[in-house]
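The structure appears right after this line, and notes come after that.
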């Protein structure tokens, strides 16, 4: 599963020349921790976070802070986003594996990352987006996975698929594995791991199966051909 499969596509952004106060208003109103900063061509040029607009914008109350340094007023902070934003932005490509993004969130303690395609902003992925993918109903996952397995193998009504707490189990109930049981097992396991909400995959060995139509095996043919 890739970033583009789970990302939020409608992203609220600001430009470098946007008022820093307006950026703060947007974050406060919508509950955003940060806003991507893009240029006129939607290229990601930075990110402005809550801490960026809070910095140096809360002057100390003179009644609570007695000073002996002459109370020299500090220079006013930058009024525009380009003066407070972080330019070295941690972003991911639209084709990035969500497993890698999850590790970024954990290791770097981020809440969200912008998603880019050729340098242009196309979305944003948050922890909540990944959690939303994890909590898909098991029955919904089972139905879609079964349809995908049947479409990939071309074998209808030949599969038993169950999903419990995100762990998928797949077993062939009719027909013979193609080209071999080992190859089919690897392919189905890889196929299932592309699904959002699946945390583990088990491809179970098929029961003793006969070729379609119940045709006798080679060993059976040899037995029945004996005088």
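Values for this structure:
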| read-out | value |
| --- | --- |
| Number of the exception - residue 163 against (1) buried (at least 18 other Cβ atoms within 10 Å of the Cβ); (2) in a loop (DSSP other than H, G, I, E, B) | (2) |
| Restricting region 40-86 to residues that are at pLDDT 85 or above and assigned to a loop (DSSP other than H, G, I, E, B), the residue that is nearest to residue 17 (Cα to Cα) | 79 |
| So residue 130, is it at pLDDT 95 or above, under 22 Å from the mean Cα position of the chain (by Cα) and either more than 15 Å from residue 202 (Cβ to Cβ) or assigned by TED's automatic domain parsing to the domain that holds residue 92 (or both) | no |
| Flag if residue 147 is assigned by TED's automatic domain parsing to the domain that holds residue 38 and either surrounded by fewer than 16 Cβ atoms within 10 Å (Cβ to Cβ) or more than 16 Å from residue 2 (Cα to Cα) (or both) | no |
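The values are calculated or read from the model by the stated rules, or taken from the named source; none is laboratory data. None of these values were measured; they are calculated from a predicted model. Virtual Cβ from ideal backbone geometry, glycine too; neighbours counted across all protein chains shown.
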